[in-house]
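Enquirer: Encoded as structure tokens, here's the structure I'll be asking about.
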Amino acid sequence: MSKQRIAFVGCGGIAEHYLRVYRDLEWVEVVTCIDADPDRAVNAAARLLESVKIKPRATTDFADALKADVDTVVINTPNHLHREQAVAALEAGKHVLLQKPVAATLADARVIAGVAAHAAQRGCISGLYLSYFDQPLMHDLRDMVRSGWFGDIAHLYARLMHRGGLILSRQVCQGQPNWRASATQTGGGCFIQLAVHYIHLFAWMMDASVVQVTAVIKNSYCPGIEGEDLACAIMEFNNGALATIDTAWCAAGEQLALQGTLGTAEYIGNQTLMLDSAAGSFNGRIINYTGTSAGSFPNAPGASVTQQMTTVHAPRLDDLSNPYNQHRLFLEAVREHRPAPVSIASGMEDMQVVAAVYESAKTNRAIRIE
Ligand SMILES: NC(=O)c1ccc[n+]([C@@H]2O[C@H](COP(=O)([O-])OP(=O)(O)OC[C@H]3O[C@@H](n4cnc5c(N)ncnc54)[C@H](O)[C@@H]3O)[C@@H](O)[C@H]2O)c1
């Protein structure tokens, strides 16, 4: 069988974390590494050479991704370039895997989703890369939601914060520009960059969509960054559940919680998972909750529902032994002419929520999403 030939576009920070997938899958061959920074393109090509006989081309010219010897274009560039590059690749008949968020603006995301839908009719597979989908834990939580382990979901919470903005801001103030500091190039600040993961996961876990958002955003500690360094958003889903997503670039901490009428899951610091439910046991991919029901529903505050605590680590993004490794799943989808694990259309819906959050923060009112 012939190899799937890849153009790897954008060989920067995140791409480094999964380049090895493209090196180690024997039925895949990267034919070109493209980056605006020639050294990065050359370095990525050199890393791939460890396992292939033919050295990938290394270039700064995006047009190389559209050549006839490329089947699939993997786009890992800054958000504002996604539209131009994804549309060009899809229109050239390539399969496309695109980093999150779909684009810097909702308008661009709509254009990409439209072109992707059109290209799908010609057999082009396109997908969005959302790193949290690599985590078996997220797939277990989704099954727990669907199986009723939580009862009815009342509230979801996500906090995704790091202090990278403080460093970035200092660098920008010292004269080192970065696309992340530009509101135009990112589409905002910490919220668009970080929250899209959980907006998507919450909707996917519950098979529900956001209908209204209220948000406050501000920039207090990162003068070198145009967008916000802190954002708090409250959203209502069409199944009645409420969710809060808090993001920051000026403070650190990560937490995920799902709270239902029967059970609770809290995942703290990407490490500690605490579970309790009156619904009984759950056996999943990595979750093995053996707790027995206290018997009565609804269980009264303080009632003895078995609480279980375990340690769960996220897999590396280049771990090919992980059955949820999205790069491999996407490449397999192309090979087998199946839909991608995460569609660009669903990522476009996330962007509707992001746009509503920014609109709410700007106008100081709740925004409905049709
Ligand atoms: N968890 C995640 O899945 C995750 C994490 C980080 C970043 N991302 C996304 O990945 C994308 C890239 O982020 P990053 O952190 O790697 O940024 P980065 O700045 O570290 O890397 C971007 C690379 O793109 C290159 N580039 C810039 N303009 C280009 C052009 N016109 N053609 C080709 N290459 C060009 C840059 O030189 C750089 O090497 C963004 O969309 C970001 O949102 C996703």
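Enquirer: As I understand it, the value is the acute angle between the Cα axis of helix 136-147 and the longest principal axis of the Cα atoms of the chain; what does it come to in degrees, rounded to 10?
Expert: That works out to roughly 50 degrees.
Enquirer: For labels at residue 218 and residue 3 in the simple 7 Å Cα→Cβ model, what's the distance in nm?
Expert: Here the modelled spin labels are 5.4 nm apart.
Enquirer: Can you work out ³J(HN,Hα) from phi for every residue in the stretch 72-86, in order, using Karplus 6.51 cos²θ - 1.76 cosθ + 1.60 and θ = phi - 60°, giving whole Hz and x for Gly and Pro?
Expert: Karplus-based 3J(HN,Hα) across the stretch 72-86 equals 10, 10, 9, 9, 10, 9, x, 3, 5, 8, 4, 4, 4, 6, 5 Hz.
Enquirer: Considering amide H positions built from the backbone, and no H for Pro or chain starts, which residues 5 or more places from residue 73, or on another chain, come under 5 Å of its amide H?
Expert: The list, which skips near neighbours in sequence, is 7, 95, 96, 97.
Enquirer: For residue 209, list long-range residues whose amide hydrogen, built 1.01 Å from N in the peptide plane, is under 5 Å from its own amide hydrogen.
Expert: Here 238, 239 satisfy the definition.
Enquirer: Shape of the stretch 238-296 from its Cα gyration tensor (a ≥ b ≥ c, root eigenvalues): rounded if a/c is under 1.5, otherwise prolate when a/b > b/c, or oblate? Intermediate values should be presented prior to the final figure.
Expert: Working: a/c = 2.81, a/b = 1.58, b/c = 1.78.
Oblate is the answer for the stretch 238-296, as a/c is 1.5 or above yet b/c matches or exceeds a/b.
Enquirer: Mind telling me which of 244, 60, 311 comes out most flexible in a GNM of the chain, alpha-carbon contacts under 10 Å?
Expert: Comparing 244, 60, 311 in the GNM, the peak value goes to 311.
Enquirer: Three principal axis extents, largest first, for the C-alpha atoms of the stretch 98-139, in Å?
Expert: Here the spans come out as 33, 26, 12 Å, largest first.
Enquirer: Looking only at the chain, where both bridge partners belong to it, what percent of the DSSP beta bridges are antiparallel (to the nearest 5)? Can you show the working numbers first?
Expert: Numbers: 43 of 71 bridges.
Given both bridge residues lie in the chain, the antiparallel proportion sits at roughly 60 percent.
Enquirer: Related question: With an 8 Å cut-off on Cα pairs and a minimum separation of 6 or more residues, tell me the relative contact order of the stretch 1-120 in percent. Walk me through the intermediate numbers first.
Expert: Numbers: 219 pairs, mean separation 29.3, N = 120.
Computed over the stretch 1-120, the figure is 24 percent.
Enquirer: Using a cut-off of 24 Å between alpha-carbon atoms, which lysines can reach residue 362, once sequence neighbours fewer than 8 places away in the same chain are excluded?
Expert: 100, 218
Enquirer: In addition: Using the Karplus curve 6.51 cos²θ - 1.76 cosθ + 1.60 with θ = phi - 60°, what ³J(HN,Hα) values do you get for each residue of the stretch 59-64, in whole Hz, with x for Gly and Pro?
Expert: 8, 9, 9, 4, 4, 4
Enquirer: Which one, 34, 183, 225, projects farthest toward the positive side of the charge dipole computed for the chain from Cβ point charges (K/R +1, D/E -1)?
Expert: About the Cα centre, the residue reaching furthest to the positive side is 34.
Enquirer: Oh, and also: Determine the dipole magnitude for the chain: charges of +1 sit on the beta-carbon of Lys and Arg, -1 on that of Asp and Glu, nothing else is charged, the reference point is the Cα centre, and the result goes in debye to the nearest 20.
Expert: Details: 30 positive and 36 negative charges, 73 e Å.
Computed charge dipole of the chain: roughly 360 debye.
Enquirer: Now for a different question. Mind checking which lysines have their Cα closer than 20 Å to the Cα of residue 94? Skip sequence neighbours fewer than 8 apart in that chain.
Expert: 3, 67
Enquirer: Need one word for the stretch 6-79: rounded, prolate or oblate. Basis is the Cα gyration tensor (sqrt eigenvalues a ≥ b ≥ c); a/c below 1.5 gives rounded, then a/b vs b/c decides.
Expert: Values: a/c = 1.39, a/b = 1.16, b/c = 1.20.
Here the stretch 6-79 falls in the rounded category.
Enquirer: How far apart, in nm, are the 7 Å Cα→Cβ label points at residue 167 and residue 37?
Expert: Here the modelled spin labels are 1.3 nm apart.
Enquirer: I'd like the per residue volume of the convex hull spanned by the Cα atoms of the stretch 229-370, given in cubic angstrom. Show your work: numbers first, answer last.
Expert: On the way: hull volume 26.0 nm³, N = 142.
Spelled out: Cα convex hull of the stretch 229-370, divided by residues, is 183 Å³.
Enquirer: Measure nothing but the geometry: give the 0 to 90° angle between the long axis through the Cα atoms of 344-363 and the longest principal axis through the Cα atoms of the chain, rounded to 10°.
Expert: Between the helix axis and the principal axis of the chain, the angle is about 70 degrees.
Enquirer: In the stretch 201-241, which chymotrypsin sites (Phe, Trp or Tyr not before Pro) fall in coil by DSSP and have 13 or fewer other Cβ atoms within 10 Å? Don't skip to the answer; put the middle values down first.
Expert: Details: sites: 202, 204, 221, 237; in loops: 221.
Of the chymotrypsin sites (Phe, Trp or Tyr not before Pro), not one in the loops of the stretch 201-241 has a Cβ with at most 13 other Cβ atoms within 10 Å.
Enquirer: Please sort 257-264, 357-364 by packing, taking for each peptide the average over its residues of neighbouring beta carbons within 10 angstrom, highest first. Numbers along the way, then the final one.
Expert: Numbers: 257-264: 20.2, 357-364: 17.8.
Highest-to-lowest ranking by the protection proxy: 257-264, 357-364.
Enquirer: Placing one identical point scatterer on every Cα of the stretch 329-370 and ignoring solvent, what is log10 I(q)/I(0) from the Debye formula at q = 0.25, 0.28, 0.30 Å⁻¹?
Expert: Each listed q maps to, in turn, -0.79, -0.89, -0.95.
Enquirer: On average over all directions, what projected area in square nanometres does the stretch 138-183 have, based on the convex hull of its Cα atoms? Walk me through the numbers before you get to the answer.
Expert: Working: hull surface 21.0 nm².
For the stretch 138-183, averaging the hull's shadow over all directions gives 5.3 nm².
Enquirer: Calculate the dipole size of the stretch 25-119 relative to its Cα centre from +1 charges on Lys and Arg beta carbons and -1 charges on Asp and Glu beta carbons; express the result in debye to the nearest 20. Each step should come with its number before you reach the end.
Expert: Numbers: 10 positive and 13 negative charges, 30 e Å.
For the stretch 25-119, the charge dipole is close to 140 debye.
Enquirer: Can I ask one more? Any idea what the relative contact order of the chain is, in percent, if you count C-alpha pairs under 8 Å spaced at least 6 apart? Don't skip to the end; give the middle numbers.
Expert: On the way: 829 pairs, mean separation 65.0, N = 370.
Value for the chain: 18 percent.
Enquirer: Over the stretch 127-258, what relative contact order in percent results from Cα pairs under 8 Å that are six or more residues apart?
Expert: Details: 250 pairs, mean separation 47.4, N = 132.
Relative contact order here is 36 percent.
Enquirer: Now for a different question. Rank 155, 118, 82 by mean-square fluctuation in a GNM of the chain with C-alpha springs under 10 angstrom and give only the top-ranked residue.
Expert: Maximum fluctuation in the GNM of the chain, among the listed residues, is at 118.
Enquirer: In Å, what is the Rg of the alpha-carbon atoms in the stretch 47-171, and how long is Dmax?
Expert: Values for the stretch 47-171 (Cα only, Rg and Dmax): 18.9, 55 Å.
Enquirer: What is the ratio of the Cα radius of gyration of the chain to 2.2 N^0.38 Å, where N is its residue count, to two decimals? Working shown, then result.
Expert: Working: Rg = 21.3 Å, N = 370, 2.2 N^0.38 = 20.8 Å.
So the chain has a normalised radius of gyration of 1.02.
Enquirer: Using a 10 Å cut-off on Cβ atoms, rank the peptides 12-21, 92-101 from the highest mean neighbour count down.
Expert: 92-101, 12-21
Enquirer: Residue-wise, which Karplus ³J(HN,Hα) couplings in Hz belong to the stretch 166-182, taking 6.51 cos²θ - 1.76 cosθ + 1.60, θ = phi - 60°, and x for glycine or proline?
Expert: Once θ is set to phi - 60°, the couplings for the stretch 166-182 become 5, 5, 4, 4, 4, 4, 5, 5, 8, x, 10, x, 8, 4, 5, 8, 9 Hz.
Enquirer: Can you report the principal axis dimensions of the stretch 110-164 using only the alpha carbons, biggest first, rounded to whole angstrom?
Expert: 42, 37, 21
Enquirer: Another one. Rounded, prolate or oblate: which fits the stretch 44-96, taking a ≥ b ≥ c as square roots of the Cα gyration tensor eigenvalues, rounded meaning a/c under 1.5, else prolate when a/b beats b/c?
Expert: On the way: a/c = 2.37, a/b = 1.62, b/c = 1.46.
It comes out prolate by the Cα gyration axes.
FYI, it's all coordinate maths here, none of it is from the lab. Only a predicted model underlies this, so the values are computations on that prediction, with no experimental measurement involved. Here the Cβ is made from the backbone with ideal geometry for all residues, glycine too, and neighbour counts use every protein chain on show.
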